[in-house]
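A.B. asks: First, the structure itself, so that you have it in front of you.
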Amino acid sequence: MSISRRSVLKASALFALVPLAPKLLSANEASMSEHADKMGKVMSKASEMKYVTSLVENGEVVTGAHWGILKATIKHGKIVSSNGLNTSKEKIKNPLQTVVADQVYAKSRIKHPMVRKSYLKDPHNSKPELRGKDEWVRVSYKKAIELIANAVKETREKKGPQAIFAGSYGWKSSGNMHNCVVLLQRYMSMGGGFTGITADYSTGAAQVMLPHVVGTLEVYNQQTVFPVVMENSKVIVIWGANPMVTLRIAYSVTEGSGLEFFNNLKKSDKKIILIDPIKSDTVQFLMDRKNSQWIAPIPNTDVAMMLGIMHTMYTTGKYDKKFLDNYTTGFDKFLDYMLGKTDGVVKDTKWASSICGVDEATMKDLAKTMFENRTMIMAGWGMQRAQHGEQPHWMLVTLASMIGQIGLPGGGFGFSYHYANGGNPTAKAAVIGGMNVGKATSGGAAWLQKASSVNIPVSKIADCLANPGKVIDANGGKVKYPDIDLIYWVGGNTIGHHQNINNYLKVWQKPSHIIVHDAFWTASTRHADIVMPTTTSYERDDISMSGDYSNLNIVPMKALVKRQYEAKDDYEIFSDLAEKAGFYKEYTEGKTPREWIEQFYNTALKSGKPQGISMPDFKTFWDKNMPITFEVPEEDKTYVRYSDFRDDPILNSLGTPSGKIEIYSEVVAKMNYDDCRGYPSWFEPVEWLGMKNKPAEFHLLSPHPELRLHSQLANTSLRDKYAVSDREPIWIHEEDAKAKGIKNGDIVRVFNARGEVLAGAVVGKHVRKGVLKLSEGAWYNPDSKGLCKNGCANVLTLDISTSKLANGNCPNTALVNIEKYKGKVEKVDIFEEPKNMRDFRI
Ligand SMILES: Nc1nc2c(c(=O)[nH]1)N[C@H]1C(S)=C(S)[C@@H](COP(=O)(O)OP(=O)(O)OC[C@H]3O[C@@H](n4cnc5c(=O)[nH]c(N)nc54)[C@H](O)[C@@H]3O)O[C@H]1N2
Ligand SMILES: Nc1nc2c(c(=O)[nH]1)N[C@H]1C(S)=C(S)[C@@H](COP(=O)(O)OP(=O)(O)OC[C@H]3O[C@@H](n4cnc5c(=O)[nH]c(N)nc54)[C@H](O)[C@@H]3O)O[C@H]1N2
Ligand SMILES: [Mo]
């Protein structure tokens, strides 16, 4: 049947539809999904492939996720429980590992391909302003594939590849086969290109800044290893990091060593200094011992605090002049700034204290303690997710240079101890292969061979949608925004992770087509035109390494249960789209997921052989259903970051223009930006507690959540442990709460000029006065008036760049007001299916 005949049929039938009772959608899951499978067999090319090889009816199956190597118990083909593999009593528990079943059987699962009603009626006149409000219509899988294929083809032909945004940032699931973002980009690059992204939300400022300073990304490098720190460091400074929470996950699969390390650190007699405006879980955990100190500066002012410490070091002569001379450049220019020769302001502790709110004696004491003891400064990334986020880590490198212990065992700085088990010694591993973006199959022009044709800084998505053709400064160069007309998102929850959501939703109306795949009805899927239901990683076979820096294991990720409802793997969907576009063979290379997995495993097997690493053949490995663990060579247990540079700064020079640590960067200075100088320095943010004429009273921080991975796992029973009055918890100081008449458990309204949310008050002493903590990742759930009733922090945050240099995101620069909520409270209903769904299959 031709597409046009279908459209006629569809348009005339559309308004005669009966509402699809939610009951019908969820009824008789098993038979329905079988039915869909049968339909799929006839209708989809890719469905000829076998996706899951075998399933256990009763027993235990090993798999992996960001939150660890997991063991799931299956009874009668259903997941009944899950836990970390080999979780012993002594080990630190990771609650994220226990909710596999909740995810698979969540009420918020997308069961079928769904299309927004007005879009289905006419994709060219689809009333984009109705995104998020329109009715949903269930269509057949085949129909959905046709709609997507047409939208992509038409956009590319009429507007060019750059009109397709497939940067699709997000934390997708672990697994080298079902890497949905790569699968999307493989489809797009084989088809002729797309607009992609540079950098990420995690380290948007630091990863662009630090190559100018130390010649590497630094934030994603192996750290001086745990055993060396345990043996040599006397003082540990945890600066704006929350490792007891953020180490619950890794980008691949966490092996849990980081949590164990911090647990051991707690038992040691080292001095631990925690610097954070919030008394985070880590601060609480580590304050519960002798010899710990918590310092809570005013948010966004750490750079001033560092200057106060450094000024003390300089004036007391307690700093390492030799290290500065031999291993760094430009300290003299920085000194002119610190001593006030450039701007008339001496950056002493008095000045610093007036900005950061930490008393002078504390800073003076820190200067002495850090200089006189072997000190490791472990910094997180929250403070660079703020305006002028380029400065804190640059300033910390400068501070560590004055201390002079960089490259010594247990000294210096580490910017990834809180993430993905940085510091766990690297194993002698054979590393598995993974899906790649492939090559363009048509066009032939050289630029098409690249994965994407244009890239924008990841955090500029809203600005780009609003201002096609605009040229922005970026790290010394220029970026011209393309005119985006189609957005394709997989593996991310952008209506949630991006800042200033109300503004984002306005510009989100601009493109003609928005397509999202997800397993769940997140805010992003709800604001799309075409929604494809995907499997969770527990319904498909896959394979992963564990430990992003350690490469400790190869983890089999076996399907636990069959696909739910009409969910398909992203691979199957893109294979069918590739078929429509004429490159199915190139896209799939004729391989089933299982064959790809075997190939990825064999890459490791082959590379391991010459290194003397013995591994079983694939079948043995797969059937055994257990990870392969690699040995850690003795020499890797003594790794000290920058020790080679320290030993010979000429031979082992850094990747900076001078080969040294650049306290002053000629390259950066020449960019001539008004928001980033050639040396690290203090800039006043647009919103902070010390400003004149504050637009609102409190500083809102939105760090990463304790019991979720961003928005993932919000739809599980873990939410019962933290939700307050069924909303995201907001931490408020008891004196502030008293002044505002807010009590523990109250529903509060948090608001500013950008928007308003409801949250549940947690009153105590767990934040500095004047500061509020509302974790990122609460699902955006607007009520009838547009207020987010669930407490999504990004309704309140600022969508600006850290600076022209990095263009990083700035969620931690935001002032808000808070009051007890007196209005009508609507029920949080984002974790259920949308109510306005209809059934219309062709
Ligand atoms: N206010 C504030 N905002 C922030 C931050 C902050 O600190 N404060 N942090 C920022 C940071 S660092 C990050 S990394 C981002 C995180 O932002 P995201 O990475 O977008 O957040 P997640 O909730 O992990 O979203 C992942 C989505 O992918 C889906 N998914 C998982 N597996 C698959 C799959 O196989 N296929 C498909 N199609 N979908 C899948 C999940 O269901 C989920 O909806 O948020 C940023 N936003
Ligand atoms: N459980 C869990 N683990 C995660 C994630 C998750 O969502 N859940 N997300 C993962 C991802 S994608 C990333 S990028 C990392 C994020 O890792 P980080 O960016 O380090 O995590 P955050 O929680 O944003 O910030 C860490 C700490 O910085 C503090 N902070 C914020 N602003 C300031 C400031 O101005 N000064 C000082 N001194 N401290 C400040 C916060 O209060 C918080 O305690 O975590 C990863 N790990
Ligand atoms: Mo991140």
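The values are calculated or read from the model by the stated rules, or taken from the named source; none is laboratory data. Just so we're clear, the structure is a prediction, and the values are computed from it rather than from any experiment. Cβ coordinates were reconstructed from backbone atoms using ideal geometry, including for glycine residues, and neighbour counts include every protein chain displayed. With ligands, DNA and RNA removed, areas are computed over all heavy atoms of the protein, side chains included. Shrake-Rupley method; radii C 1.70, N 1.55, O 1.52, S 1.80 Å.
A.B. asks: State whether one or more residues within the stretch 44-54 are of a type in the set (Asp, Glu), free of Cβ contacts under 8 Å to residues at least 60 places away in the same chain and not assigned by TED's automatic domain parsing to the domain that holds PRO593. Working first, answer last.
C.D. replies: Filtering the stretch 44-54 for residues of a type in the set (Asp, Glu) gives 48.
Now drop any that are not free of Cβ contacts under 8 Å to residues at least 60 places away in the same chain, which leaves 48.
Filter once more, so that each one left must be not assigned by TED's automatic domain parsing to the domain that holds PRO593: none.
The answer is no, given that none of the residues of the stretch 44-54 is of a type in the set (Asp, Glu), free of Cβ contacts under 8 Å to residues at least 60 places away in the same chain and not assigned by TED's automatic domain parsing to the domain that holds PRO593.
A.B. asks: Just one of ALA427, ALA440, ALA451, ALA445 is more than 23 Å from HIS513 (Cβ to Cβ), modelled with pLDDT under 95 and out of contact with any Lys or Arg (no Cβ under 8 Å at 6 or more places or on another chain); which is it?
C.D. replies: Sole residue among the options that is more than 23 Å from HIS513 (Cβ to Cβ), modelled with pLDDT under 95 and out of contact with any Lys or Arg (no Cβ under 8 Å at 6 or more places or on another chain): ALA445.
A.B. asks: Now, a different point. Of the conditions (1) within 16 Å of ligand 1 (Cβ to nearest atom); (2) closer than 20 Å to LEU396 by Cβ; (3) aliphatic (A, V, I, L, M); (4) surrounded by fewer than 24 Cβ atoms within 10 Å (Cβ to Cβ), VAL228 clears all except one; give me its number.
C.D. replies: Every listed condition holds for VAL228 apart from (1).
A.B. asks: Evaluate the stretch 671-693: report whether one residue or more is open to solvent by 40 Å² or more (accessible area, probe 1.4 Å), assigned by TED's automatic domain parsing to the domain that holds SER801 and either more than 13 Å from ligand 2 (Cβ to nearest atom) or of a type in the set (Phe, Trp, Tyr) (or both).
C.D. replies: no
A.B. asks: Of the numbered conditions (1) away from ligand 3 (no atom under 16 Å from the Cβ); (2) closer than 21 Å to GLU586 by Cβ, SER140 fails exactly one; give the number of that condition.
C.D. replies: The single condition SER140 does not satisfy is (2).
A.B. asks: Anything in the stretch 188-206 that is within 13 Å of ligand 1 (Cβ to nearest atom) and either open to solvent by less than 10 Å² (accessible area, probe 1.4 Å) or touching a Lys or Arg at 6+ places or on another chain (Cβ under 7 Å) (or both)? List them, or say none. Write out each step before concluding.
C.D. replies: Our first condition is that a residue be within 13 Å of ligand 1 (Cβ to nearest atom); within the stretch 188-206, this holds for 197, 199-206.
Answer for the stretch 188-206, where residues must be within 13 Å of ligand 1 (Cβ to nearest atom) and either open to solvent by less than 10 Å² (accessible area, probe 1.4 Å) or touching a Lys or Arg at 6+ places or on another chain (Cβ under 7 Å) (or both): THR203, GLY204, ALA205, ALA206.
A.B. asks: Scanning for something in a strand (DSSP E or B), within 16 Å of ligand 1 (Cβ to nearest atom), modelled with pLDDT of 95 or more and under 34 Å from the mean Cα position of the chain (by Cα), does the stretch 325-348 turn up at least one residue?
C.D. replies: In the first step, residues of the stretch 325-348 are kept if they are in a strand (DSSP E or B); the result is 328-329.
Remaining after also requiring within 16 Å of ligand 1 (Cβ to nearest atom): none.
No: the stretch 325-348 contains no residue that is in a strand (DSSP E or B), within 16 Å of ligand 1 (Cβ to nearest atom), modelled with pLDDT of 95 or more and under 34 Å from the mean Cα position of the chain (by Cα).
A.B. asks: Residue check: is LEU96 open to solvent by less than 20 Å² (accessible area, probe 1.4 Å), within 25 Å of GLN509 (Cβ to Cβ) and at pLDDT 95 or above? First the steps, then the outcome.
C.D. replies: Numbers: open to solvent by less than 20 Å² (accessible area, probe 1.4 Å): yes; within 25 Å of GLN509 (Cβ to Cβ): no; at pLDDT 95 or above: yes.
For LEU96, the condition - open to solvent by less than 20 Å² (accessible area, probe 1.4 Å), within 25 Å of GLN509 (Cβ to Cβ) and at pLDDT 95 or above - is not met.
A.B. asks: Would a scan of the stretch 297-314 turn up a residue that is in a helix (DSSP H, G or I) and among the acidic types (Asp, Glu)? Talk me through it step by step, then tell me what you get.
C.D. replies: Filtering the stretch 297-314 for residues in a helix (DSSP H, G or I) gives 302-314.
Next, only the ones that are among the acidic types (Asp, Glu) stay: 302.
Yes, some residue in the stretch 297-314 is in a helix (DSSP H, G or I) and among the acidic types (Asp, Glu).
A.B. asks: Among the residues in the stretch 535-548, are any surrounded by fewer than 24 Cβ atoms within 10 Å (Cβ to Cβ), in contact (Cβ under 8 Å) with a residue 60 or more places away in the chain and within 16 Å of ligand 3 (Cβ to nearest atom)?
C.D. replies: Scanning the stretch 535-548, I find at least one residue that is surrounded by fewer than 24 Cβ atoms within 10 Å (Cβ to Cβ), in contact (Cβ under 8 Å) with a residue 60 or more places away in the chain and within 16 Å of ligand 3 (Cβ to nearest atom), so the answer is yes.
A.B. asks: Still on this model: Would you confirm whether any residue within the stretch 408-415 is within 22 Å of the chain's Cα centre (by Cα), modelled with pLDDT of 95 or more and open to solvent by 10 Å² or more (accessible area, probe 1.4 Å)? Don't jump to the end; show me each part of the working.
C.D. replies: Start the filter on the stretch 408-415 by keeping residues that are within 22 Å of the chain's Cα centre (by Cα), which leaves 414-415.
Of the ones still in play, those that are also modelled with pLDDT of 95 or more are 414-415.
Next, only the ones that are open to solvent by 10 Å² or more (accessible area, probe 1.4 Å) stay: none.
No - not one qualifying residue is present in the stretch 408-415.
A.B. asks: All but one of (1) assigned to a loop (DSSP other than H, G, I, E, B); (2) free of Cβ contacts under 8 Å to residues at least 60 places away in the same chain; (3) open to solvent by less than 30 Å² (accessible area, probe 1.4 Å) hold for LYS111; which doesn't?
C.D. replies: Every listed condition holds for LYS111 apart from (2).
A.B. asks: Go through GLN222, GLN293 for me and flag whichever is at pLDDT 95 or above, under 27 Å from LEU70 (Cα atoms) and surrounded by fewer than 22 Cβ atoms within 10 Å (Cβ to Cβ). Give the steps one after another, and end with the answer.
C.D. replies: Values: GLN293 fails: under 27 Å from LEU70 (Cα atoms).
The conditions single out GLN222.
A.B. asks: Is it the case, given these coordinates, that SER459 is at pLDDT 95 or above and within 30 Å of GLY547 (Cβ to Cβ)?
C.D. replies: Working: at pLDDT 95 or above: yes; within 30 Å of GLY547 (Cβ to Cβ): yes.
Answer is yes for this residue.
A.B. asks: Which residues, taken from the stretch 708-722, are open to solvent by 30 Å² or more (accessible area, probe 1.4 Å) and either assigned to a loop (DSSP other than H, G, I, E, B) or more than 10 Å from ligand 2 (Cβ to nearest atom) (or both)?
C.D. replies: Of all residues in the stretch 708-722, those open to solvent by 30 Å² or more (accessible area, probe 1.4 Å) come to 710, 712, 717, 720-722.
Once the filter is applied, which keeps residues that are open to solvent by 30 Å² or more (accessible area, probe 1.4 Å) and either assigned to a loop (DSSP other than H, G, I, E, B) or more than 10 Å from ligand 2 (Cβ to nearest atom) (or both), the stretch 708-722 yields HIS710, SER717, ASP720, LYS721, TYR722.
A.B. asks: Could you give me the residue pairs with C-beta distances under 6 Å whose first residue belongs to the stretch 705-716 and is within 19 Å of ASP281 (Cα to Cα) and of a type in the set (Val, Ile, Thr), whose second residue is within 9 Å of ligand 1 (Cβ to nearest atom) and part of a loop (DSSP other than H, G, I, E, B) wherever it lies, and which are 6+ apart or on separate chains?
C.D. replies: Short answer, once both residue conditions are applied: none.
A.B. asks: How about the stretch 369-402: which of its residues are more than 16 Å from ligand 1 (Cβ to nearest atom), assigned to a helix (DSSP H, G or I) and open to solvent by less than 10 Å² (accessible area, probe 1.4 Å)?
C.D. replies: MET370, GLN391, TRP394, MET395, LEU396, VAL397, THR398, LEU399, ALA400, SER401, MET402
A.B. asks: Continuing with the same structure: For the stretch 170-187, enumerate the residues that are touching an Asp or Glu at 6+ places or on another chain (Cβ under 6 Å) and either open to solvent by 10 Å² or more (accessible area, probe 1.4 Å) or assigned to a helix (DSSP H, G or I) (or both).
C.D. replies: Taking the stretch 170-187 and keeping what is touching an Asp or Glu at 6+ places or on another chain (Cβ under 6 Å), we get 175, 177-178, 180, 183.
Matches in the stretch 170-187: CYS180, LEU183.
A.B. asks: Would you mind stating whether ASN86 is touching a helix residue (DSSP H, G or I) at 6+ places or on another chain (Cβ under 9 Å) and surrounded by fewer than 21 Cβ atoms within 10 Å (Cβ to Cβ)? Give the derivation first.
C.D. replies: Working: touching a helix residue (DSSP H, G or I) at 6+ places or on another chain (Cβ under 9 Å): no; surrounded by fewer than 21 Cβ atoms within 10 Å (Cβ to Cβ): yes.
No, not satisfied.
A.B. asks: Right, here's the next one. Only residues in the stretch 605-628 that are assigned by TED's automatic domain parsing to the domain that holds ASP541 and more than 19 Å from ASP542 (Cα to Cα) count as the first member; pair them with residues that are assigned to a loop (DSSP other than H, G, I, E, B) and open to solvent by 50 Å² or more (accessible area, probe 1.4 Å), Cβ under 8 angstrom, at least 6 apart or cross-chain, and list the lot.
C.D. replies: Correct list of pairs: SER607/VAL431; GLY608/SER614; GLN611/LYS428; ILE613/LYS428.
A.B. asks: Right, another one. Out of curiosity, is LYS322 surrounded by fewer than 19 Cβ atoms within 10 Å (Cβ to Cβ), more than 16 Å from ASP276 (Cβ to Cβ) and touching a residue at least 60 places away in the same chain (Cβ under 8 Å)? Steps first, please.
C.D. replies: Details: surrounded by fewer than 19 Cβ atoms within 10 Å (Cβ to Cβ): yes; more than 16 Å from ASP276 (Cβ to Cβ): yes; touching a residue at least 60 places away in the same chain (Cβ under 8 Å): yes.
It is true that LYS322 is surrounded by fewer than 19 Cβ atoms within 10 Å (Cβ to Cβ), more than 16 Å from ASP276 (Cβ to Cβ) and touching a residue at least 60 places away in the same chain (Cβ under 8 Å).
A.B. asks: Also, I was wondering about something else. Could you run through the stretch 592-627 and say how many residues are in contact with a Pro (Cβ under 8 Å, 6 or more places away or on another chain), surrounded by 19 or more Cβ atoms within 10 Å (Cβ to Cβ) and either small (Gly, Ala, Ser) or outside any loop (DSSP other than H, G, I, E, B) (or both)? Break it down into steps so the answer makes sense when it comes.
C.D. replies: Restricting attention to the stretch 592-627, the residues satisfying the condition of being in contact with a Pro (Cβ under 8 Å, 6 or more places away or on another chain) are 621-622, 624-627.
Still in the running and surrounded by 19 or more Cβ atoms within 10 Å (Cβ to Cβ): 621-622, 627.
Now narrow it down to the ones that are either small (Gly, Ala, Ser) or outside any loop (DSSP other than H, G, I, E, B) (or both): 621-622.
Of the residues in that region, 2 qualify.
A.B. asks: Can you confirm whether the stretch 761-774 contains a residue that is within 10 Å of ligand 1 (Cβ to nearest atom) and under 20 Å from LYS133 (Cα atoms)? Spell out how you get there, then give the answer.
C.D. replies: So the first thing to find is which residues in the stretch 761-774 are within 10 Å of ligand 1 (Cβ to nearest atom), and the list is 774.
Filter once more, so that each one left must be under 20 Å from LYS133 (Cα atoms): none.
Checked the stretch 761-774: no residue is within 10 Å of ligand 1 (Cβ to nearest atom) and under 20 Å from LYS133 (Cα atoms).
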